[in-house]
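> First the structure, then my questions, so here it is.
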Amino acid sequence: MKKFLHLAFAALVVVNLTWLQACASDGDKNKKPATTVADDAGLKLPAGFSAVIVADNLGKARHIVVTQQGDVYAKINARGAGKGIVKLRDTNGDGKADQTSSFGNYGGTGIAIKNGYLYASSDEEVFRYKLDDKGNVINPDQPEKIITGLINRRQHESKSIALDNAGNIYVNIGAYSNSCQERDRAPGSMGRMPCPILDSAGGIWQFKADKLNQTYGDGVRYATGLRNVVGLDWNTQVNQLFVMQHGRDDLHNIFPALFTDQDNAEKPAEVLFALKKGDNGGWPYIYHDPSTNKKMLAPEYGGDGKKEGGKDAIDPVMMFPAHLAPNALLFYTGNMFPARYKNGAFIAFHGSWNRAPLPQEGYYVVFVPFENGKPSGKWEIFANGFAAVENITPRSAVHRPCGLAQGPDGSLYVSDDQKGTIYKISYNK
């Protein structure tokens with residue numbers, strides 16, 4: 001029996017890797033590199049690309065931004081010496097930071113630059129800092145408080161942000177629950193109907209980017225039914241907000257009679273949504289099945305793994321394997337990379353912890369080609385090797401991708417919140 005299980009598991013691994021490779025080779029309309037290479041930064045990248053380590057050991061570096069002058073601002077979640085924002089500057093042009101400074105007495109995840117301001121979030125508030133014409137924060141000790149009093153229940157608490165071109169800022173307010181059960185993650189516990197969490201969380205809220213001291217009452221619930229969005233970006237090509245949702249956990253653990261360990265590992269999909277005002281992603285009433293590309297009724301609300309649901313919920317524009325933890329989304333608008341990357345999406349997958357009995361997955365950055373604001377091919381692994389170990393777990397991984405940013409020269413920056421490393425990926429023409 002043990003030999004049979006070993007052979008079956010090996011077959012599953014082969015199928016999984018074959019599927020990933022197939023995804024990586026589809027949807028290519030231009031000639032693209034056929035091989036990947038490891039560079040001095042330890043990353044595996046398509047031929048023609050290379051990476052340098054800009055900085056290391058910064059702490060839990062979450063989201064990042066790069067100024068027009070090439071300076072990097074990184075949001076640090078676990079504060080070092082009481083500072084939650086680190087500024088990195090490369091003065092000699094070698095791609096590595098040789099000047100480091102920090103400010104901000106709060107942790108958190110979100111950071112963005114818009115119209116001469118640096119925006120940054122804690123888990124309860126959003127601040128902004130005025131920048132001078134060289135991208136320096138003018139008064140780092142006295143930020144303006146834009147939004148205050150956001151919910152923090154110590155679950156899905158990070159407040160990721162994005163800004164549009166019409167003076168609005170969008171804030172993720174994650175659901176402080178897995179699936180809105182009466183008893184969170186308890187076996188057999190049914191879902192609350194309607195889910196009261198959606199009144200104040202589980203969605204994207206829209207606020208004014210230049211109005212001080214806003215609260216929930218000043219904001220608009222822009223989209224609902226989103227369990228947790230850490231990665232989001234405003235697509236300027238189609239003038240629309242796109243988000244990556246973290247899917248739910250524990251199908252088998254909560255309802256073992258309906259779902260197997262294999263179901264638990266492979267469902268639900270992590271999904272990419274294109275949002276408009278008033279959209280509903282369907283959480284907690286549904287989940288997305290990557291094997292059928294269908295919206296399925298959640299077991300907490302009468303589902304059995306076969307019943308579909310979510311007639312009022314929008315469809316995702318793309319699905320990804322389960323539990324990869326998408327933590328950043330970036331639409332590439334630069335000119336350094338080959339033409340096929342223009343207006344496509346990069347996604348940083350932080351990595352799974354709950355895909356057993358399958359191997360853990362993620363811990364890489366993927367690319368999705370886009371045309372006219374829609375995916376034009378399947379996703380492909382772009383940058384890998386962050387974990388630097390074979391049998392990956394969240395604890396064994398040396399690095400875990402978390403944030404993405406585009407440099408003024410068109411390079412791609414990636415942050416790691418395990419060791420606090422910042423990478424800069426360039427294309428060598």
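Each value in this text was obtained by applying a stated rule to the coordinates, not by laboratory testing. Every value quoted in this text rests on a predicted model; they were computed, and no experiment measured them. Neighbour counts are summed over all protein chains in view; Cβ atoms, including those assigned to glycine, are modelled from backbone coordinates with ideal geometry.
> Taking the chain as a Gaussian network, where each spring joins two C-alpha atoms under 10 Å apart, which residue of Ala383, Ala166, Ala47 fluctuates the most?
For the chain, modelled as a Gaussian network with Cα springs under 10 Å, the answer is Ala166.
> Add -39500 (n - 2.57) for each DSSP H run of 4 or more in the chain, then divide by its residues: what number comes out at 222 nm, to the nearest 500 deg cm²/dmol?
-2500 deg cm²/dmol
> Which of Gly403, Gly42, Gly282 ends up with the largest GNM mean-square fluctuation for the chain, with Cα atoms connected below 10 Å?
Gly42
> Another question, if that's okay. Take the residue pairs Lys44/Lys83; Lys211/Lys378; Lys159/Lys424 and return only those whose Cα atoms are more than 29 Å apart.
On the way: Lys44/Lys83 32 Å; Lys211/Lys378 40 Å; Lys159/Lys424 25 Å.
Beyond 29 Å between Cα atoms: Lys44/Lys83; Lys211/Lys378.
> Let's test the formula: R0 of 25 Å, r as the Cβ-Cβ distance of Gln68 and Lys276. What FRET efficiency results, to the nearest 0.05?
About 0.25, to the nearest 0.05.
> Taking just the alpha carbons, could you work out the radius of gyration and Dmax for the stretch 109-158, both in angstroms?
Looking at the stretch 109-158, its Cα Rg and Dmax stand at 12.1, 39 Å.
> Can you give the net charge of the other residues whose Cβ lies under 12 Å from the Cβ of Ser352, counting K and R as +1 and D and E as -1?
Within the 12 Å Cβ shell, the charges total -2.
> Same structure, new question: For a quick check of your reading of the filter: which trypsin sites (Lys or Arg not before Pro) in the stretch 340-426 sit in a DSSP loop and have no more than 12 other Cβ atoms within 10 Å?
Filter output for the stretch 340-426: Arg395.
> Additional query: Could you compute the net charge surrounding Leu212? Neighbours are other residues with a C-beta less than 14 Å from the C-beta of Leu212; K and R count +1, D and E count -1. If you can, show how the numbers build up before the last one.
Working: positive: Arg128, Lys130, Lys145, Lys208, Lys211; negative: Glu125, Glu144, Asp210, Asp218.
Net charge in that neighbourhood comes out at +1.
> Follow-up. At q = 0.10, 0.24, 0.26 Å⁻¹, what log₁₀ I(q)/I(0) does the stretch 323-412 have when each alpha carbon counts as one equal point scatterer in the Debye sum?
Log-scaled intensity ratios, in q order: -0.28, -1.14, -1.25.
> Tell me whether the stretch 293-374 comes out rounded, prolate or oblate; compute the Cα gyration tensor, take square roots of the eigenvalues as a ≥ b ≥ c, and use a/c under 1.5 as the rounded threshold. Mind dumping the intermediate values first?
Numbers: a/c = 3.47, a/b = 1.58, b/c = 2.20.
Verdict is oblate for the stretch 293-374.
> Continuing with the same structure: Find out how many positive minus negative residues lie around Met193, taking Lys and Arg as positive, Asp and Glu as negative, among other residues whose Cβ is under 13 Å from that of Met193.
Summing Lys/Arg as +1 and Asp/Glu as -1 gives -1.
> Normalise the Cα radius of gyration of the stretch 2-427 by 2.2 N^0.38 Å (N = residues in it) and let me know the number.
On the way: Rg = 20.8 Å, N = 426, 2.2 N^0.38 = 22.0 Å.
Relative to the 2.2 N^0.38 Å estimate, the stretch 2-427 comes out at 0.95.
> Taking 0.36 nm per intervening residue step and subtracting the Cα-Cα distance, what contour gain separates Asp94 from Asn354 on full extension?
89.7 nm
> Between Lys378 and Lys429, what is the spin-label point distance in nm, taking each point 7 Å from the Cα along the Cα→C-beta axis?
Those two pseudo-labels are separated by 3.2 nm.
> Of the beta bridges DSSP finds with both residues in the stretch 2-427, what % are antiparallel, to the nearest 5?
Taking every DSSP beta bridge within the stretch 2-427, about 95 percent pair in antiparallel fashion.
> Neighbour counts of other C-beta atoms within 10 Å: give me Tyr341, Tyr363 arranged from fewest to most.
Ordered from fewest to most neighbouring Cβ atoms within 10 Å, Tyr341, Tyr363 come out as Tyr341, Tyr363.
> Sticking with this structure for a sec: Provide the gained length on full extension for the span Lys134 to Gln237, in nm with one decimal, where the gain is 0.36 nm per separating residue minus the Cα-Cα distance. Please report the intermediate quantities before stating the final value.
Numbers: separation 103, 0.36 × 103 = 37.08 nm, distance 2.69 nm.
Stretched out fully, the Lys134 to Gln237 stretch lengthens by 34.4 nm.
> If the only charges are +1 at each Lys and Arg Cβ and -1 at each Asp and Glu Cβ, what is the size of the charge dipole of the stretch 2-427 around the Cα centre, to the nearest 20 debye?
Magnitude of the dipole: close to 180 debye.
> I've got another one for you. With each label point set 7 Å from Cα along the Cα-Cβ vector, what nm distance links Val398 and Ser291?
3.6 nm
> Sequence neighbours fewer than 8 away in the same chain don't count; with that in mind, list the aspartates and glutamates whose C-alpha is under 14 Å from Lys306.
Those aspartates and glutamates meeting the cut-off are Asp263, Asp289.
> Then there's this: Fewest to most neighbouring Cβ within 10 Å: what's the order for Arg221, Arg227?
By the 10 Å Cβ count, ascending, the order reads Arg221, Arg227.
> Among Cys180, Cys195, Cys402, which one moves the most in a GNM of the chain with springs linking Cα atoms closer than 10 Å?
Cys195
> Turning to a different aspect of this structure: Let me check against my output: what whole-number percent is the relative contact order of the chain, with C-alpha pairs under 8 Å and at least 6 apart?
16 percent
> In the chain, with Lys and Arg counted as +1 and Asp and Glu as -1 at Cβ, which of these residues, Leu330, Tyr106, Gln406, has the Cα nearest the positive end of the dipole, that is, farthest along it?
Among Leu330, Tyr106, Gln406, the one farthest towards the positive end of the dipole of the chain is Leu330.
> Separate question: Neighbouring Cβ atoms within 10 Å as the yardstick, rank Trp353, Trp283 fewest first. Mind showing how you got there, number by number?
Numbers: Trp353 15, Trp283 30.
The most exposed by this proxy come first: Trp353, Trp283.
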